[in-house]
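In what follows, a single structure is set out as structure tokens and then discussed.
The values are calculated or read from the model by the stated rules, or taken from the named source; none is laboratory data. From a predicted model like this one, the values you see are computed outputs, not experimental measurements. Cβ sites come from the backbone with ideal geometry, for glycine too, and all protein chains shown count toward neighbours. Note: accessible area is taken over every heavy atom of the protein model, side chains too, but ligands, DNA and RNA are not part of it. Shrake-Rupley method; radii C 1.70, N 1.55, O 1.52, S 1.80 Å.
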Amino acid sequence: MTPRILMALTSHSALGNTGRTTGYYVPEAAHPLAIFHAAGFDVDFVSPAGGHAPADGGNRTDEIVAAFLDNSAVQAQVSATHRSGDISPASYDAIFYVGGHGTMWDFPDDAHLASAAASIYERGGVVSAVCHGPAGLVNVKLSNGEYLVAGKTVSAFTNAEEAAVNLTDVVPFLLESRLIERGALVNTAPNFTANVSVAGRLVTGQNPASARGVAEAVVSLLRQAA
């Protein structure tokens, strides 16, 4: 059967109290989606609220991003995402949490996404996330009551990177610190350089430069399992 991947996008568009907008970070959806489609995989989009997912960072000088933005079928999908409470995790072989600052507000406490990730993982599927996407992992617990990330090597947007973009005091928590609190072994690289961690069937990336590597690792894992 053709592998099916659930790509999770944020529904949150306000960047704290800055008056600026945010959302999912377009390159972190566009590049992985291109890799999944090239592999022949089926992809659905989901978000906490369903419907339109707010976008951030769509720079058309990136050909992959431009193709993503110009693909009417894909844009129809991201404008009408499935609501997290309506999905059937059993239909998917992997979940991929797309980053973007918006995720920091609505991913952590979305019980439906957390349940989907735990279900996919415990059925032998792949759980993956990039940049701020691992915000969706901080409260995921397995059936034994342990956090999914506990004892596993993960990568995510670092405290140093948050400081570099001057948002340390804007985000509701620091992702690196929260993952450490959950028992994760956080693997960091210099700011904004590619860094992907593969811990069994958990694949995470530190920043936008890591998006392709995370997707490639997901494809490899799913092909090994086929």
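Taken over the stretch 125-171, the criterion of being farther than 14 Å from GLY205 by Cα and acidic (Asp, Glu) is satisfied by GLU146, GLU162, ASP169. Restricted to the stretch 177-205, and to residues there that are under 19 Å from ALA94 (Cα atoms) and part of a loop (DSSP other than H, G, I, E, B), the residue that is least open to solvent (accessible area, probe 1.4 Å) is GLY200. Residues that are of a type in the set (Val, Ile, Thr) and not in a helix (DSSP H, G or I) within the stretch 53-67 comprise just one, THR61. Of the residues ASP93, ASP70, ASP56, ASP110, the single one that is modelled with pLDDT of 95 or more, in contact with a Pro (Cβ under 6 Å, 6 or more places away or on another chain), of a type outside the set (A, V, I, L, M, F, W, C) and under 22 Å from SER13 (Cα atoms) is ASP110. Residues of the stretch 1-16 that are within 13 Å of ALA129 (Cβ to Cβ) and part of a strand (DSSP E or B): ILE5, LEU6, MET7, ALA8. For the stretch 126-160, the candidate set comprises residues that are hydrophobic (A, V, I, L, M, F, W, C), part of a loop (DSSP other than H, G, I, E, B) and in contact with a helix residue (DSSP H, G or I) (Cβ under 7 Å, 6 or more places away or on another chain); within that set, the residue that is most open to solvent (accessible area, probe 1.4 Å) is LEU142. You will find that of ASN159, ASN187, ASN144, ASN166, the residue that is over 30 Å from ASP42 (Cβ atoms), in contact (Cβ under 8 Å) with a residue 12 or more places away in the chain and out of contact with any strand residue (DSSP E or B) (no Cβ under 9 Å at 6 or more places or on another chain) is ASN159 and no other.
Of the residues making up the stretch 45-66, at least one is within 20 Å of VAL214 (Cα to Cα), open to solvent by 10 Å² or more (accessible area, probe 1.4 Å) and among the β-branched types (Val, Ile, Thr). Residues that are surrounded by fewer than 20 Cβ atoms within 10 Å (Cβ to Cβ), polar (S, T, N, Q) and assigned to a loop (DSSP other than H, G, I, E, B) are absent from the stretch 115-123.
Condition check for GLN75 on (1) open to solvent by less than 10 Å² (accessible area, probe 1.4 Å); (2) not in a loop (DSSP other than H, G, I, E, B): one failure, at (1).
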